[in-house]
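Before any comments, here is the structure.
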Amino acid sequence: MTSTDGSGPRPTKQRLAVLEALASVDDFRSAQEVHEILSSSGSPVGLATVYRTLQLYADQGDVDVLRREDGEAIYRRCSETHHHHLVCRSCGATVEVEGPAVERWTTSMAAEHGFTAVSHTLEIFGTCAACS
């Protein structure tokens, strides 16, 4: 997360409130939904601040961000390890999965083409057992 030693953005009251709102739910939420959670709890954080804060934490790797099939970004507190997601198209349920085969393939493809400092994301969309 952010630090107070100058190496990252300052953890303002609004930024911490956004993280707390995300921590209060288990699934991915849109910026509007996070804003609604904050408003319901009486936190005076503006929608523009929610958008900026979510993007900031996504850029830092503190928040996972996915794009729904309609293009809308949704966010969730991130686990500490590198992972990928299985996402239900119907209900939005999300499962974090590790993918050693994906990691090996990514490393191999990067090396084959002379790429270094490679990063990647992977989301697999389908229908969960409950919605099938």
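Every number in this text was worked out from the coordinates using simple rules, so none of it is lab data. Quick caveat: nothing in here was measured; it's all calculated off a predicted structure. Positions of Cβ are generated from backbone atoms using ideal geometry, with glycine treated the same way; all protein chains shown enter the neighbour counts.
Summary table
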read-out	value
Residue list for segment 49-68, given a label point 7 angstrom along the Cα-to-Cβ vector of Leu16 and an amide N cut-off under 18 Å	50, 53-54, 57
Residue with peak Gaussian network fluctuation, the chain [Cα springs, cutoff 10 Å], from Leu22, Leu66, Leu86	Leu86
Selection from His85, Gln32, Gly126 lying farthest towards where the dipole of the chain points positive, charges on Cβ	Gln32
The chain, dipole about Cα centre (Lys/Arg Cβ +1, Asp/Glu Cβ -1), debye to the nearest 20	320
Shape of segment 1-78, Cα gyration tensor, a/c cut at 1.5	oblate
Cut-off of 10 Å, at most 16 other beta carbons, DSSP loop: longest stretch of the chain lacking such trypsin sites (Lys or Arg not before Pro)	1-67
Local electrostatic count at Ala73 - Lys and Arg +1, Asp and Glu -1, tallied over other residues with Cβ under 13 Å	-2
DSSP bridge pairs, the chain: antiparallel proportion in percent, nearest 5	75
With at most 16 other Cβ atoms within 10 Å, longest stretch of the chain clear of loop GluC sites (Glu not before Pro) (DSSP)	1-68
